Amino acid sequence: MLALRTTPPVFSAAEAERIARETYGLAAMVRPLPGERDCNFLLRTADGHGYVLKIFDFGASPETTDCQLRVLRHVAEQDPTLPVPRLIATQNGEETGRASGRSGSYSTCLMSFLAGTLLADSSPDAPLVRNVGESLARLDRALQGFFHPALGQRLAWDVRRLPELIEYLPYIESTAVRRAVERAALRMKERMPELRSLRSQAIHGDCHGQNLLVDAEARVISGILDFGDMIHAPRIFEPAVAMSELLTGDVTPLGALQGLLEGYAGRQGLDGAEVDVLYDVIGARHAVTILVHAWRGRHDADGARVLDSATQSAARSLAALEEAGAAPLTAAWRRAAGTSWSGETFAPAAGAVDLERRHRLMGAGAELFYEKPLNIVRGSGVWLYDGADRAYLDVYNNVPHVGHTHPWVVRAIQQQTAVLATHTRYLHSRILEYAERLTATFAPHLNACIFVNSGSEANDVAWRIAQFKTGHRGALVMRNAYHGITTAVAALTPSTGQPRDPHVVTIAPPPAGLEREDALAPAELDAAVRDADGALRTLAERGFEPAAFFIDTSMTSSGMFDAPPAWAAAVSARIRAAGGLIVADEVQYGLGRSGSHLWGFERRGLEPDIVTLGKPVANGYPMGVVVANRALIEAFQKEYGFFSTFGGNAVAAAAGLAVLDVLEREQLTANASSTGEYLRRRLERVAAGHACLGTVRGAGLLRGLEVRAVGPYSARQCTKRFINILASEARVLIGYEGPNADILKLRPPMPFLPAHADRLVEAIEAAAARVSRLT
Ligand code: PMP
């Protein structure tokens, strides 16, 4: 990668003088100028004219050199008043010359010299900082139509490369700095999809205090130098790099940086999404500085010395950024940029929440998590943030399936709601696009959809369809199952109280401890069949025949069993033989959470007649779906008619489509498999060392960890301790599950990575040490 190589050309002043004379016909006094990779000289002729002779880095490709020359011509054409160097041809009328020296043969070019003091030495006041922003905006406007293949160069300074540079992390000596760099890299990685959705163009990409000149009297930018690091990138990187560099060069304090943004946005409007990535991009640039320096420290002592103070300053600045916090800075920057959805309009709810007020308005029975309830005001990726902008690792929420506020989904919702947000009684293609994409993921007979607004509604409709189709009224559900809140579905939900309705009978869970790959012993199979037959008999004794067997395919509330397909096949075969339909409730497991299959029923070995979807399908936008055979759905519609006001509205469809896009694009099912396995292995190791922990259950990114009693404390009490310690001390959010409420429920958004798993497991390990000491 460029910038991680160290072969700059070596030329003396005398050699430069000769090149000026022979190639450019100039008799000049020569002085070396600093340069990171190229070799630069200032030439002064007797008539007082100044020039810069540039001898290009040998390693730079001819394309990169060509790009630098062309951009100068382009900018001069688009905005002739912009202070960028002008190119001067060789005596033979060529754009570049050739120079041979001790270290090899190189391309050269000659440019006009721009007068001024380095910005780094100018102690900029507020108007000058603002003028920096204005000048960059003018430059970017001039660059808008510029293209060159070299803009795709792999440059270490490009903050998007930060995740690749992270391999040099061990080179950083200070643990605190290493951690801060790691955090910046993680944040950057999470930002990548968002960055790819921002307006992009050719940018200078390296406007630091040594590349900007100031007219000392007029106090404005009088020169923009060095176009050697140009890339095609989000436009916001231009002010972001400048802001980052002004910080690391100790040129401008953090509090004064917003002037730069104000100046930039005054000339070139910025939108909220661009300003929202600034914090992470600035931090990433600091991290890159530190890592490039760390690399050079190992491989090139001279280079390391050049960058040493910048590194220390970058580390200080990174710490200051973290200390100041993303939310307050972003709010200030949004104000400075005057973005349309500014902090004022859409400020996250902040400040303490008065519990009494909540009880008064929502009833004291409205459920809250944790002994110290959290005031969560925003989310991003796998993180939630409280009113004080403290970050919590979210290992609980599966609704934000592709990550909290995923920009692709947010954008889809915003754009659709700005155009049309109405129901399915008009022809509109969006919901059809969604239905096509969705049904394509099922077996051919599951080919039509009914759209509703929640998992409960989907199950309610499925239950009506099952009764309609079979003419039966009896239901079978798993022990301690959860299927929702409508009157009909609450009756199918023993986890909120044993079903008292005589038409509902429960099925025993499969034997614990089995893995999906295990063979089921004949005795275990027999027991499952006998249990199913027993349940059917109980129904019959009460005067009911089975309309349906409802099964949450992850069996979350029943205990997160990951039984072999033979178990579900045997049970469902008995129910089908008795005339019942199979309803696969995918509200928990759907969309790849198991890691092995897109749908949980595939992992379970079930062939459902009806599939119900909810929670994750629209990443937080309310949507539920019933998927079944078209003939069945049509017969039901004919009998009862069916319409849901919000069900399948255009915005829900846009959100659902965006979720499918992201799932595919970011290969989140594969991630659920690999991170899920990694998590399982780490959890098992920790559990082996603590008597208060038992087996690890589940698959992919739906995991359970059994908790055991300690001394006089029941497993249920210990479980509560775990989740409260994790939330309040480690800021890791998990839940609990199971008939005995003694299983830690780990169910994070799908972009959960091994680094997040590490943090979770370390938190569990620390909590286990505490729980083990309970007496
Ligand atoms: N089915 C299952 C398996 C669920 O876990 C839930 C919600 N926890 C539901 C149905 C009900 O979904 P909703 O809360 O969207 O009505």
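The values are calculated or read from the model by the stated rules, or taken from the named source; none is laboratory data. In this text, all values refer to a predicted model and were calculated from it rather than measured experimentally. No Cβ is skipped: glycine too gets one built from the backbone with ideal geometry, and neighbour counts run over all protein chains shown. With ligands, DNA and RNA removed, areas are computed over all heavy atoms of the protein, side chains included. Shrake-Rupley method; radii C 1.70, N 1.55, O 1.52, S 1.80 Å.
Is it true that Arg530 is among the basic types (Lys, Arg) and assigned to a helix (DSSP H, G or I)? Spelling it out, Arg530 is indeed among the basic types (Lys, Arg) and assigned to a helix (DSSP H, G or I).
Taking strands (runs of 3 or more DSSP E) as the structural unit, no element lying wholly within the stretch 362-405 holds at least 2 residues that are touching a helix residue (DSSP H, G or I) at 6+ places or on another chain (Cβ under 7 Å).
Here is a yes/no grid of residues against (1) farther than 30 Å from Leu260 by Cβ; (2) touching an Asp or Glu at 6+ places or on another chain (Cβ under 7 Å); (3) polar (S, T, N, Q); (4) open to solvent by less than 50 Å² (accessible area, probe 1.4 Å):
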| site | (1), (2), (3), (4) |
| --- | --- |
| Glu94 | yes, no, no, no |
| Gly97 | yes, no, no, yes |
| Leu119 | no, no, no, yes |
| Leu136 | no, yes, no, yes |
| Leu165 | no, no, no, yes |
| Tyr171 | yes, no, no, no |
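Scanning the stretch 110-131 for residues that are out of contact with any Pro (no Cβ under 7 Å at 6 or more places or on another chain) and outside any loop (DSSP other than H, G, I, E, B) returns Leu110, Thr117, Leu118, Leu119, Ala120, Asp121, Ala126, Pro127, Leu128, Val129, Arg130, Asn131. Counting only residues that are more than 13 Å from the ligand (Cβ to nearest atom), touching a residue at least 40 places away in the same chain (Cβ under 8 Å) and open to solvent by less than 20 Å² (accessible area, probe 1.4 Å), how many does the stretch 449-491 have? Residues in the stretch 449-491 being more than 13 Å from the ligand (Cβ to nearest atom), touching a residue at least 40 places away in the same chain (Cβ under 8 Å) and open to solvent by less than 20 Å² (accessible area, probe 1.4 Å): 6 in total. Does Phe442 satisfy the condition of being closer than 20 Å to Arg630 by Cβ, within 15 Å of the ligand (Cβ to nearest atom) and either not in a helix (DSSP H, G or I) or not assigned by TED's automatic domain parsing to the domain that holds Thr612 (or both)? Answer is no for this residue.
Give the residues of the stretch 564-590 that are of a type outside the set (S, T, N, Q) and within 16 Å of the ligand (Cβ to nearest atom), sorted by residue number. Hits for the stretch 564-590 are Ala568, Ile582, Val583, Ala584, Asp585, Glu586, Val587, Tyr589, Gly590. Listed conditions (1) under 35 Å from the mean Cα position of the chain (by Cα); (2) part of a loop (DSSP other than H, G, I, E, B); (3) more than 20 Å from Leu225 (Cβ to Cβ); (4) not β-branched (Val, Ile, Thr) are all met by Glu63, apart from (2).
Could you tell me whether any residue of the stretch 547-554 is in contact with a Leu (Cβ under 8 Å, 6 or more places away or on another chain), away from the ligand (no atom under 14 Å from the Cβ) and either under 27 Å from Trp408 (Cβ atoms) or not in a strand (DSSP E or B) (or both)? The answer is no, given that none of the residues of the stretch 547-554 is in contact with a Leu (Cβ under 8 Å, 6 or more places away or on another chain), away from the ligand (no atom under 14 Å from the Cβ) and either under 27 Å from Trp408 (Cβ atoms) or not in a strand (DSSP E or B) (or both). Annotation for the stretch 266-276: no member residue is of a type in the set (Gly, Ala, Ser) and buried (at least 24 other Cβ atoms within 10 Å of the Cβ). Of the residues making up the stretch 598-610, those that are away from the ligand (no atom under 12 Å from the Cβ), in contact (Cβ under 8 Å) with a residue 12 or more places away in the chain and not aromatic (Phe, Trp, Tyr) are Leu598, Arg603, Arg604, Gly605, Leu606, Glu607, Pro608, Asp609, Ile610. Considering only residues in the stretch 611-628 that are part of a loop (DSSP other than H, G, I, E, B) and under 14 Å from Asn397 (Cβ atoms), the one that is nearest to the ligand (Cβ to nearest atom) turns out to be Gly614. List, please: which pairs have Cβ atoms under 6 Å, are six or more places apart or on different chains, and start with a residue in the stretch 624-645 that is over 15 Å from Ala466 (Cβ atoms) and end with one that is modelled with pLDDT of 95 or more and among the polar types (S, T, N, Q)? Short answer, once both residue conditions are applied: Gly624/Asn453; Gly624/Ser454; Arg630/Asn447. Close Cβ contacts (under 6 Å, 6 or more residues apart or on different chains) running from residues in the stretch 740-751 that are closer than 13 Å to Ala709 by Cα to residues that are among the hydrophobic types (A, V, I, L, M, F, W, C) and buried (at least 24 other Cβ atoms within 10 Å of the Cβ) comprise Asp742/Val707. Inspection of the stretch 432-454 identifies no residue that is in contact with a His (Cβ under 8 Å, 6 or more places away or on another chain) and at pLDDT 95 or above. Once the stretch 492-523 is narrowed to residues that are within 16 Å of the ligand (Cβ to nearest atom) and of a type in the set (A, V, I, L, M), the residue that is farthest from Glu677 (Cα to Cα) is Val504.
Inspection of the stretch 151-160 identifies at least one residue that is of a type outside the set (Val, Ile, Thr), within 28 Å of Trp383 (Cβ to Cβ) and open to solvent by 50 Å² or more (accessible area, probe 1.4 Å).
Taken together, Ala655, Ala650, Ala628 contain a single residue that is over 30 Å from Ala418 (Cα atoms) and either open to solvent by less than 40 Å² (accessible area, probe 1.4 Å) or not assigned by TED's automatic domain parsing to the domain that holds Met750 (or both), which is Ala628. When Leu539 is tested against (1) open to solvent by less than 20 Å² (accessible area, probe 1.4 Å); (2) more than 15 Å from the ligand (Cβ to nearest atom); (3) under 41 Å from the mean Cα position of the chain (by Cα); (4) at pLDDT 95 or above, exactly one condition is not met: (3). Against the list (1) under 23 Å from Arg603 (Cα atoms); (2) open to solvent by less than 70 Å² (accessible area, probe 1.4 Å); (3) out of contact with any strand residue (DSSP E or B) (no Cβ under 9 Å at 6 or more places or on another chain), the condition Asp533 fails is (1).
When Asp526, Asp552 are checked against the criterion of being at pLDDT 95 or above, closer than 21 Å to Ala490 by Cβ and acidic (Asp, Glu), a single residue qualifies: Asp552.
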